[in-house]
Every structure is written in structure tokens, then in C-alpha cells.
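Presented below is the structure to which this report refers.
The values are calculated or read from the model by the stated rules, or taken from the named source; none is laboratory data. Remember, it's a predicted structure, so these values are computed and weren't measured experimentally. For neighbour counting, all protein chains shown are included, and Cβ atoms are generated from backbone atoms with ideal geometry for every residue, glycine included.
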Amino acid sequence: MSERPPISPRSPRAALEPEQLPPPPKRSDRARNPLVVVGNAIITLLLIAMLGAGGVYYYGRQVLEAPGPLQEDKIVNIPQRAGKRDIAETLNREGVTDVNPWVFIASVAALKASSDLKPGEYSFQKNASLRDVIATIVEGKVVQHAVTIPEGLTSEQIVARLSDNEIFTGSVRELPREGTLLPETYKFPRGTTREQVIQRMQQAHKRVLAEIWERRNQDIPIKTPEQLVTLASIVEKETGKPDERSRVAAVFVNRLKQRIKLQSDPTIIYGLVGGKGTLGRPIKRSEITQPSPYNTYVIEGLPPGPISNPGRASLEAAANPARTRDLYFVADGTGGHAFTETYDAHQKNVAKLRAIEKQIQNDTVEPAEEAQPPAAAAPGGAADAPTATTPARPNQQKRPPAARPANPAPARQGAVQSSPPVVQR
């Protein structure tokens, strides 16, 4: 048996006093080392940072990947020189996103796209996430607007169309030369300058003209690409039917070879109004013989330059006309033309057109209930009024005229726009 320590008697007063606890053990010198203290603090901070980063990553991923509020596809314009906060507010205002601008800025920074945001007009898909929205702006795939320039317009008319189109900016410093713009359908982003549009149309014209000139028929009496454009511009104004272009071109080529005046009405109109392109009334008899550098009833051969901007099809037709001996054509009353090699056959076609026009006039005039007062005389006398004339025969001094449509399509501004026409061919 172990010996118990002897019990020492305690006074009542001492028994009532609490026992003193032993002093705490002293910390080791190692625990008091400053490096250990700093290391523990760093580990603690790293743990807290890791937990915080994990939370931020989870929250950020949820924000980036969550479907957006956009209910349907929408086009939004990001203006030039817009900052990240401006872009965020624009997207929120348009309903593309619904996050705090600072969240948007942080998301852009997290995706390392701060310097890649590009202005422009963008199409955002329905419920696009914030990640998709930022990716769309970073890629710079802006909306492309289709702009169609019809064939046969003058440069002045084309510039007027561009000026009226609100997707373009700036102004055209100098009117392009006639026949140097290629009519076609182009695609441009909003904000493209009008000078850039003109330059692109000119570059397209040069490329197409060079290609067509290389494979032209070597027998045509055309010496330069510029003359080819001039001939094509007349063909463009004379017919709106694709299958007639090469045959119309053949008529003018045959006339050039035989040194017969082209006698094309659209050249008269261009000589009268220039780049405006349309006369707005029938040609007067006095204007047929009115001297003008462009009036092919007066001058020999081609006019000094194009009378419009022809399209690719008319350039092709002028470079490779149909192989015919036609010298005349006249409207056939159905929107097309009747082509002939001889003057007598041409006159028969003119008579047929006259009969069709007379029948149309009779069908459209309603019988009057009472006698109508006589029509007032045209200003300037009968000599200046639009009347139908009969072309001279080949053995007379005046060469027989070529033909042009009596009722051209609305898109073709150059030909006479009345019935009966001034000169039937």
C-alpha cells in the first residue's frame, strides 16, 4: 500500500479560503518565435482568401452563365467612344442585361476583355448570358445592312440615295464621275462613311470592268474600257428585260460598224438634264435636233461619256453582243421590243405599236355625258408639243433612228415616259 500524505490540520479560516490554482505552463521559446507567428497568420489569411475566392468564383460564374432578361432577339447600338460603364448602362437600358454596372465591369476584367470592347451595332440573341453579350461585343461582329443600288442611276442620283440613308455618316466631298460606280447589293455596318461606300463601289466597278474587258468580243468597234462603259450605259437605259440586253447592244454595235447614228432617246435626256437623270415629261420634237454633246441624233458614234452607271449584265452585253444584223428595235406593247434588220419591217412594227396604243387609249377613255371643251394648245405651239414623227428613210439625208421602249419600266429613268412616244423606231 502506498503511503498517504499526512493530513495537516487547517484552521477554519484557511479551510474557507479558495485553493490557489497552479500557474499556467510557460510557452515554449519556439512558439514565441516571430517567424512562427507570422507563418500562422499567413496560413490563416490564405485559407480565408481561398474560401473568399471560391465564393467569388462561384458567384461570378453564376452571373456570367445565367440566362439574360432579353425576351427576343434585339439589335443594340454601342456608340463610339463609349466607356465600359456607358456600355453597361446601355445594355441595361435596352433590356439585354440586368446587372450592376460594376458587376459588368468586373466581368469584363475577369474575361480579360477590357481593351477589346468595340463600338457598333450588335444583334443579341434571346436570353443571352452576360458572357455571350461580352463575347459578341469583343468579336466585333456588327450588324450588316444590305443596301441595293439599282442599275441605270446616274452618279448624282446614287449620291442622293446615300445621303438619304441614315445608316451612313459624313458627306461625299466630290461627285464621282459618271459610270464609275457599280450598281449592286452591298452590305455595310451602321456608321460607315459615305466616302467609304463610294470607294467600295468604285473598286467593285474597276474589278468587274477589268474582268469583262479581258473576255470581250474582239470584233466590237470599242477601243477602250471607258467606251465600253458608255455603250453599256445606253443599253442599260434602253431596256429593262435581261434577255434583251445583248440584242439591244447588237443593234448599237451594228450601227457603229456601219457609221449610222445611234439615235437613242436616253442620250437626248442626259444632254438636257445631265446627272438628274429624268426629264419628267416627253421629249419635244424640237429637242430631237437640239445640239448637245450627248444627243446621238446629232453626233456621230458614242457620246463623250456614260449617261448612267450600268450594271454587270449590261457591261457583259456590250462586251459580247448577240450576233445579229438588226439595226432597229421598237416597243412591242408587251414590255419587250421587236427587232428588225430592214427599215420596211421596222415600219410595220411601228404601225403595230400605234394600233396597240390607239386601242389602249380607246379602252381607257370613258364616254362623256356632254360635250367637252376643246383641249388647250400646248405652250410654244404645235412644233414644240410632244408628237409622233415618222423617221426618214435610209436613202434620205436623215438616218433611220434606232429604237427605245415606249413604256419603260419604272426603275429606268432615262427613256420617254409617255404614250404615244415622241419618235417611234
Could you tell me whether the stretch 302-322 includes any residue that is surrounded by fewer than 20 Cβ atoms within 10 Å (Cβ to Cβ) and more than 34 Å from the chain's Cα centre (by Cα)? no
Within the stretch 317-362, the residues that are among the acidic types (Asp, Glu) and more than 30 Å from GLU211 (Cβ to Cβ) are ASP332, GLU341, ASP344, GLU357
The stretch 162-197 - residue that is in a loop (DSSP other than H, G, I, E, B) and among the charged types (D, E, K, R) and, of those, surrounded by the most Cβ atoms within 10 Å (Cβ to Cβ): GLU178
Just one listed residue, out of TYR270, TYR297, is within 31 Å of the chain's Cα centre (by Cα), buried (at least 17 other Cβ atoms within 10 Å of the Cβ) and not assigned by TED's automatic domain parsing to the domain that holds LEU175, and it is TYR270
Members of the stretch 122-133 that are surrounded by fewer than 17 Cβ atoms within 10 Å (Cβ to Cβ) and touching a strand residue (DSSP E or B) at 6+ places or on another chain (Cβ under 7 Å): SER123
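Would you mind stating whether LEU46 is modelled with pLDDT of 70 or more, over 38 Å from the mean Cα position of the chain (by Cα) and not aromatic (Phe, Trp, Tyr)?
Against the criterion (modelled with pLDDT of 70 or more, over 38 Å from the mean Cα position of the chain (by Cα) and not aromatic (Phe, Trp, Tyr)), LEU46 qualifies.
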Which of the residues that make up the stretch 135-149 are assigned to a loop (DSSP other than H, G, I, E, B) and surrounded by 15 or more Cβ atoms within 10 Å (Cβ to Cβ)? VAL142, VAL143, ILE149
Subset of the stretch 62-105, residues at pLDDT 90 or above and at positive phi, comes to GLY95
